[in-house]
Amino acid sequence: MSWKGASTRGVMQDLFGITSNTVMLAATGQHVGKTTMSLGVFNGLVDKFGAGRVAYCKPLGQRYREIPLPDGRIHKVDQDVEVMRNHFDLQGNWDDMSPVVFPPGFTRKVIDGDVQTHELLGRIKDAYTTLASKADFTLLEGSGHMGVGSIVNLNNAQVAGALGVDVVIIAPGGLGRSFDELALNKALLEKHGARLRGVILNKVEPDKLEMVRDYYTRQLDKLWNKPLLGCVPYVDAISRPTISGFAQLLQSDFIAGEENRLRTFEITRLILAHGGDQIKYHPAPNQLTVTAAENSECIHAVIENHRHFTAQSHNTQCLRGGLIVVGQEPPKSELIEGLKELVIPTVWVKKDAQSFSGEQPVDKVDPLAQPADLDAMQSAPPVHAGRTMNVLKMMNQYTQKHDKDDQQRLAHTVQHIQAHIDIEGLCAETPIARRVVRTGIGKIIDLLLAR
């Protein structure tokens, strides 16, 4: 059931007597941590209201997977919805939890009139009504910043206003720039009639945590009379990419060790030179090596270092390394067999020299390259230096997304976020929820008496 004009939440309460407390978690931009925050907040809500009493929905999605529904239809589901549903074993319908997704070309269809915005909003309202009417609390997750979707006249702020729900905005850790971005998003939010319930800061530098919390709290209260609901310190273990994430980024496949695709690394090392005598390869735990696929000496060294380390520990420990190789042809077959034997996760980036734009000179070293590697880079002619460096540059700019199969990371994320969020403040009732609730029958009687 959809309603035009009035907010969905208001109609649910005034006409049907259904009181629903709802918050949308939005953000000032991409990669600020909406899904990360949703995981911790949802777990806190379940602790407060009980299992099965909290609903989740991402009204607008972008990255998606196609999920077969029981009636035979194929539904596009945002990937973050899949993560939340699987981790918390949610039982809601897929099309309610992810009602609208913007696939490639969707914007043009809306502008051309093939898809109507009011129909999309109706779909979101129906999904929200279904979920919120059966839950004590409903958590909505936004997509990107508040203005995402504006080109089709359906952004996060418009959705929040149409549903009549409060918004908690997640901003990056910091002060000046963070607050400026927050102010821009708040303005759009209020333009569409939605209310800011509070702010959460994410990825705050640990040594500045108390300072940022103090100044942000005071300024939020002074300027807007709004609370700071969370100040979450940055933790490397949550943000660190997996080699599987790199494989997806580079659109490449594993040639060995895919069983360890969720492995993360503390060090990324770039080796461009040939020759065992010219490269003093120092083994280090949790190290990801990036090199050319034809650099057999380097790949052999990775294998032997792993084999030696395992033998020394009497098969009780592993060096936990990984390998990304770049080139038109894969490494030699005997090297691949060695990588498979030791289950070293290895990704082959099959790229030719024309696959990358803006070839980068070798002397412009990426921050991920370790200082010890610079001598190796300069000691011998580089092997496909430009394209390998561009792969490394892409990796350095990559932000890891949550993987539904990475249960260890998800559990760590939930625990970390929940410990730094004010769940009671986030659940504080809004004015609409404090009204005297009338039943549907009472409302009908009032209308009849007014005639």
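The values are calculated or read from the model by the stated rules, or taken from the named source; none is laboratory data. The model shown is predicted, which means the values in this text are computed figures rather than measured ones. Don't worry about glycine lacking a Cβ; one is built from the backbone with ideal geometry, like all the others, and counts go over all protein chains shown. Just the protein is used for accessible areas: all its heavy atoms, side chains included, with ligands, DNA and RNA removed. Shrake-Rupley method; radii C 1.70, N 1.55, O 1.52, S 1.80 Å.
With respect to Asp207, is the statement that it is at pLDDT 95 or above, farther than 30 Å from Arg108 by Cβ and part of a helix (DSSP H, G or I) true? No.
If Asp446 satisfies every condition in (1) at pLDDT 50 or above; (2) more than 30 Å from Val41 (Cα to Cα); (3) not basic (Lys, Arg) but one, which is the exception? For Asp446, the failing item is (1).
Residue pairs whose Cβ atoms lie under 6 Å apart, separated by 6 or more positions or on different chains, with the first residue in the range 336-349 and at negative phi and the second of a type in the set (Phe, Trp, Tyr), are Val347/Phe254. For the range 217-242, the set of residues classified as among the hydrophobic types (A, V, I, L, M, F, W, C), out of contact with any strand residue (DSSP E or B) (no Cβ under 8 Å at 6 or more places or on another chain) and either part of a loop (DSSP other than H, G, I, E, B) or more than 17 Å from Gln418 (Cα to Cα) (or both) consists of Leu223, Val235, listed by residue number.
Right, Lys203: touching a Gly at 6+ places or on another chain (Cβ under 6 Å) and open to solvent by 40 Å² or more (accessible area, probe 1.4 Å) or not?
Numbers: touching a Gly at 6+ places or on another chain (Cβ under 6 Å): yes; open to solvent by 40 Å² or more (accessible area, probe 1.4 Å): yes.
In short, yes.
Yes or no: Ile299 outside any helix (DSSP H, G or I) and of a type in the set (Val, Ile, Thr)? Against the criterion (outside any helix (DSSP H, G or I) and of a type in the set (Val, Ile, Thr)), Ile299 does not qualify.
Report, by residue number, each residue of the range 304-333 that is closer than 17 Å to Leu272 by Cα and either open to solvent by less than 10 Å² (accessible area, probe 1.4 Å) or touching a residue at least 40 places away in the same chain (Cβ under 8 Å) (or both). Selection gives Gly322, Leu323, Ile324, Val325, Val326, Gly327, Pro330, Pro331. So which residues in the range 70-86 are touching a helix residue (DSSP H, G or I) at 6+ places or on another chain (Cβ under 6 Å) and at pLDDT below 90? His75, the sole residue that qualifies.
Please enumerate the residues belonging to the range 398-411 that are part of a helix (DSSP H, G or I), loosely packed, with under 15 Cβ neighbours inside 10 Å and in contact with a helix residue (DSSP H, G or I) (Cβ under 8 Å, 6 or more places away or on another chain). Lay out the reasoning, then the answer.
Initial filter on the range 398-411 (part of a helix (DSSP H, G or I)): 407-411.
Still in the list and also loosely packed, with under 15 Cβ neighbours inside 10 Å: 407-408, 411.
Across the range 398-411, the qualifying residue is only Gln407.
Can you pull out the helices (runs of 4 or more DSSP H) entirely within the range 74-185 that have at least 1 residues that are polar (S, T, N, Q) and touching a residue at least 24 places away in the same chain (Cβ under 8 Å)?
Details: elements: 79-88, 94-97, 106-111, 117-132, 156-163.
So the answer is 79-88, 106-111, 117-132, 156-163.
So in the range 151-200, with the set limited to residues that are of a type in the set (Val, Ile, Thr) and more than 20 Å from the chain's Cα centre (by Cα), which one is surrounded by the most Cβ atoms within 10 Å (Cβ to Cβ)?
Val159
Residue count for the range 134-150 satisfying the condition of being open to solvent by less than 10 Å² (accessible area, probe 1.4 Å) and among the charged types (D, E, K, R): 1.
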